[in-house]
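Pasting a structure here, questions to come.
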Amino acid sequence: MYKIMISVGEASGDLHGASVANALKLACPDSKLFGMGGQAMRQAGVDIVYDIADLGVIGIVEVVKNLPRLFKLRDMLAEVMEREKPDVLVVIDYPGFNMRLAKIAKKKGIPVVSYISPSIWAWGKGRAKEVAETVETVAAIFPFEAEAYRAAGAHVTYVGHPLVDIVKPTMKKDQAYRHFGADSTKPVLLLMPGSRQQEILSLLPDMLGAAEKIVTKVPDCQIFLPVASTISREMLHNILGNYKVSVKLTDGNNYDLMNIADVGIAASGTVTLEAALMHLPTVIIYRVAAMTYLLGKFLVKIPHISLPNIIAGREIVPELLQGEVNPDAIARHTLEILLNKGIRNEMLDELHQVNQKLGECGAVRRVADVILSVAAKRSGGNA
């Protein structure tokens, strides 16, 4: 039996962690899985020692404000490591916190597998070297990521992108329209404000302000908002009550919802790549504290912030940053996609090309194989 500790810090990581947990259970059913995660990982059979529901903070300034709480959490997880002595620690995304946890694991002689690793194409060689010196193996999800980590001296296995496995509709379109109570003859707008409370408070009001403007031009537009497991519905209803627009909240089957949507408005993050895989044209918005943004511009050396545009190497979907995030600008770009077939079709072609760059299916299984290989080496090969 292998003891495998998994650490994630937000809703998207929880979904990746759950997929990895399911693959590990299939490959090695008697493995003990535990760690920091959320509802999806719990349902996949992971013993959750800390629930991430109230954890999500973004940006340098925001993290600094929460440092005491994060230090306390780090120390608690270090105690769990000391007590359980896992054969391997798997860190998934959430790089600022997880790399500190990985360093503790290394000091304890526990090998680390990094999956959804720090974005070194944005942060540069210094971050790559830090990861290479800390982790046993990087399970790389992009070919260019694998090359960059190898150049920094890391042991790398290129596994492909997990979303290729995960992002698939479970219903036919007519079934999805019935499931969500949507009319197939009317346009569908999907609001995706993020999985962190801070994102909701920062971005959802501007999305709803834009939605009010959109329905004046497209009165029959149907608006849906999928609710992340980390977000309170009560908070959403309190915000929605301030706007004269009808929005239907949904739980689950997000890819089926994307499959019937005509356009999306999304916070920058994993969801933008999910939308790309579902061929959903999306307006991407991003706003953090001013100091965080200024520091980010100084530290990050890439022209785009959304994954579809980073992969394409150019802007194929609109990005609105900081002061550009306002109802007028969001509505203008969204209406262009809804009403201009030329713009919409060009965007769909570009999204198809992005999808072709993401590799073949099987990434999650390959990650599980990497983890079990590292665990076997640590335990002397005794399952």
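For the pairs K103/K377; K32/K108; K3/K172, flag any whose C-alpha to C-alpha distance is greater than 29 Å. Don't skip to the end; give the middle numbers.
Working: K103/K377 19 Å; K32/K108 19 Å; K3/K172 39 Å.
Listed pairs above 29 Å: K3/K172.
If the convex hull of the alpha-carbon atoms of region 173-356 is projected onto planes in all directions, what is the mean projected area in square nanometres? Walk me through the intermediate numbers first.
Working: hull surface 41.3 nm².
So the Cα hull casts an average projection of 10.3 nm².
Which one, V80, V227, V88, has the greatest fluctuation when you compute a Gaussian network model over the chain with C-alpha springs under 10 angstrom?
V80
If you place +1 on the Cβ of every Lys and Arg, -1 on the Cβ of every Asp and Glu, and leave all else neutral, what size is the dipole of region 173-356 about its Cα centre, to the nearest 20 Debye? Intermediate values should be presented prior to the final figure.
Values: 16 positive and 19 negative charges, 42 e Å.
So the magnitude is around 200 debye.
Each residue of region 358-366 in order: what ³J(HN,Hα) in whole Hz does its phi give by Karplus 6.51 cos²θ - 1.76 cosθ + 1.60, θ = phi - 60°, with x for Gly and Pro?
Karplus values, whole Hz, x for Gly and Pro: 8, x, 8, 5, x, 4, 5, 4, 5.
Choose one answer from K172, K103, K32: the residue with the largest mean-square fluctuation in a GNM of the chain with alpha-carbon springs under 10 Å.
Maximum among the listed residues: K172.
Under 5 Å between amide hydrogens, which residues at least 5 positions from T250 or on another chain qualify, with H placed 1.01 Å from N in the peptide plane?
L225, V227
Taking a ≥ b ≥ c as the square roots of the eigenvalues of the Cα gyration tensor of region 157-212, is the shape rounded (a/c under 1.5), prolate (a/b larger than b/c) or oblate? Each step should come with its number before you reach the end.
Working: a/c = 2.98, a/b = 1.08, b/c = 2.75.
Oblate is the answer for region 157-212, as a/c is 1.5 or above yet b/c matches or exceeds a/b.
Which of the peptides 215-224, 33-42 is most tightly packed, and how do the rest follow, going by the mean number of other Cβ atoms within 10 Å of each residue?
Numbers: 215-224: 16.1, 33-42: 24.0.
The peptides rank, most packed first, as 33-42, 215-224.
Long-range amide H contacts for I231: which residues qualify at under 5 Å (H placed 1.01 Å from N, peptide plane, sequence gap of 5 or more or a different chain)?
none
What are the ³J(HN,Hα) values, in whole Hz, obtained from phi via the Karplus relation 6.51 cos²θ - 1.76 cosθ + 1.60 with θ = phi - 60°, for each residue of region 316-324 in sequence order, with x given for Gly and Pro?
9, 10, x, 10, 10, 10, 6, x, 6
Let me ask something else. Please list the non-local residues whose amide H lies under 5 Å from the amide H of V90, H modeled 1.01 Å from N, same-chain partners needing a gap of 5 or more.
HN-HN under 5 Å from V90: M5, I6, S7, V113.
Something else: Shape verdict for region 155-258, please, from the Cα gyration tensor: rounded (a/c under 1.5), prolate (a/b greater than b/c) or oblate. Before the final figure, lay out each step's value.
Numbers: a/c = 2.12, a/b = 1.31, b/c = 1.62.
In terms of gyration-tensor shape, oblate.
Dividing the alpha-carbon Rg of region 182-230 by 2.2 N^0.38 Å yields what? Kindly include the intermediate steps, with their values, before the conclusion.
Working: Rg = 12.0 Å, N = 49, 2.2 N^0.38 = 9.7 Å.
That works out to 1.24 for region 182-230.
So, one more: Do any trypsin sites (Lys or Arg not before Pro) in region 349-383 lie in a loop, going by DSSP, with at most 15 other beta-carbon atoms within 10 Å of their beta carbon, and if so which?
Details: sites: K357, R365, R366, K377, R378; in loops: K357.
Passing both the DSSP loop test and the Cβ count: K357.
Quote to one decimal, in nm, the extra length available between H279 and K377 on full extension: 0.36 nm per residue of separation minus the C-alpha distance between them. Walk me through the intermediate numbers first.
On the way: separation 98, 0.36 × 98 = 35.28 nm, distance 4.11 nm.
Contour length minus Cα-Cα distance gives 31.2 nm.
Determine the relative contact order of the chain: mean sequence separation of Cα pairs under 8 Å and six or more apart, normalised by residue count, in whole percent.
On the way: 715 pairs, mean separation 72.3, N = 383.
Contact order relative to length: 19 percent.
Bins of 10 Å, beginning at zero and ending with the bin holding the largest distance: percent of Cα pairs per bin for the chain, please.
5, 23, 33, 25, 11, 2, 0
Still on this structure, please answer the following. Residue-wise, which Karplus ³J(HN,Hα) couplings in Hz belong to region 258-275, taking 6.51 cos²θ - 1.76 cosθ + 1.60, θ = phi - 60°, and x for glycine or proline?
For region 258-275, the Karplus curve yields 4, 5, 9, 7, 9, 7, x, 10, 9, 5, 4, x, 4, 4, 5, 6, 4, 4 Hz.
Read the figures in this text as sums done on the coordinates, not as results from a lab. This is a predicted model, so every value here is computed, not measured. Every residue, glycine among them, receives a Cβ derived from its backbone with ideal geometry; neighbour counts consider all protein chains shown.
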